[in-house]
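Only the coordinates and a few stated rules stand behind these numbers; no lab work does. All values reported here derive from a predicted model rather than from experimental measurement. Here Cβ is always computed from backbone atoms with ideal geometry, including for glycine, and neighbour counts include all displayed protein chains.
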Amino acid sequence: MTSGDPVPRTLSGSAVENRLTPRDSQGGQPPVSIIVTEVSPFHCLYQDALEFHSQSRLMLAKSERSSSRLARASLLLYVASAEALIHQAAIDLGRSDLVELIADPARPLPTIEVWKLLPAVVGHASSPTIDFSASPWPQMAEVLALRTSWTYPGPPEERRAYYRASRTGASFDPLLPHQAPKNSGIRPEALVYPRTGLPRDPYALRPHHLDTTRGVLDGAIEALDRKLDGALTRDNRHRREPIQIHSPTP
C-alpha cells in the first residue's frame with residue numbers, strides 16, 4: 001500500500017505553456033484560461049498529515065512541545081482523511097438508495113460505524129462479513145476514540161494526565177505505564193490505549209505515535225479495499241484529481 005505516494009495534479013513543461021497561455025492572433029496578452037479539477041479531500045488531508053508528521057519528527061530534537069503540537073495537528077488530519085475517504089467512497093460507489101444512510105452530514109454516524117456499513121452500501125453484503133474484532137479494526141477504533149476524546153472531553157476525572165519528575169522543581173515528562181509507582185492506583189489504561197499505545201494525554205503525543213496512527217489507517221484502508229474487491233483504490237480513485245482546461249474561444 002502506498003497511501004502516502006503523491007499524485008501529480010498539474011501539467012508541466014511546454015504542454016502547460018501551450019495550453020494555458022495561447023497568444024491571440026494580434027500578438028497581444030494571452031487570454032485567461034480556466035482550470036477545473038475535482039478535489040479529493042482524502043488525498044489533500046492525507047498529504048497535509050504526512051507533512052505535519054515529518055515536521056513533528058524534525059522538530060523533536062529542538063522542542064518536544066513544538067513537536068507535540070505538530071503531532072496533534074497531524075493526527076487530526078489523518079483521522080479527517082479517513083472520514084473523507086469513506087464518505088466519498090459511499091457517494092462514488094454506493095447504491096443511490098442507501099448512500100444517505102452513511103453520507104448525510106445532517107445525520108452523521110460514528111466513523112467506525114460508517115466503515116462497517118460501507119460494504120453493504122456498495123453492494124457487497126453477500127461477501128464474508130468483516131471480523132471487526134481482528135486487526136486493524138480494534139486499533140482503528142482506538143485512533144478514532146482518541147480524536148473523540150479531544151472533541152468530547154468529558155468530566156474532569158476523564159481528563160486527568162500524569163507526569164513524572166525526578167525531583168521537586170525539575171522538568172517533568174509524561175508518565176509511562178511502567179513508570180507508575182506501585183500502589184499509586186494509576187492503571188496503565190488511564191495513560192495509554194491498550195492496543196495502540198497511543199497516549200490519552202494530547203500533550204504526550206510524539207512522532208512515533210503518528211507512525212502507529214498512519215500504519216493503522218493504511219491497514220484499515222487495505223482491509224476495506226479487499227472487502228470491496230479493490231474498488232476503493234482501483235485506478236487510484238481515492239486520490240485522483242482530474243484536471244480540465246477551458247480555453248477561451250478565439
Residues His208, His178, sorted so that the one with the fewest Cβ neighbours within 10 Å comes first:
His178, His208
Which of Val79, Val36, Val143 comes first, and how do the rest follow, when ranked by fewest Cβ neighbours within 10 Å?
Val36, Val79, Val143
Of Ala103, Pro194, Val121, which is farthest towards the positive pole of region 44-197's charge dipole, taken about the Cα centre with +1 and -1 on the beta-carbons of Lys, Arg and Asp, Glu respectively?
Pro194
What residues qualify as long-range amide H neighbours of Val192, i.e. H under 5 Å apart, gap of 5 or more or another chain, H built at 1.01 Å from N?
Arg200
Starting from the exponent 0.38 and prefactor 2.2 Å, build the expected Rg for region 116-250 from its residue count and divide its actual Cα Rg by it.
1.52
Just the ratio, please: alpha-carbon radius of gyration of region 23-96 over 2.2 N^0.38 Å, N its number of residues.
1.77
Most exposed first, judged by fewest Cβ atoms within 10 angstrom, Ser40, Ser135, Ser67 run Ser135, Ser67, Ser40
Determine which aspartates and glutamates satisfy two conditions relative to Lys62: a Cα distance under 18 Å, and not lying fewer than 8 residues away in the same chain.
Glu51, Asp173
Under 5 Å between amide H atoms, partner at least 5 residues away or on a different chain: which partners does Leu175 have, H built in plane at 1.01 Å?
Tyr162, Tyr163, Arg164
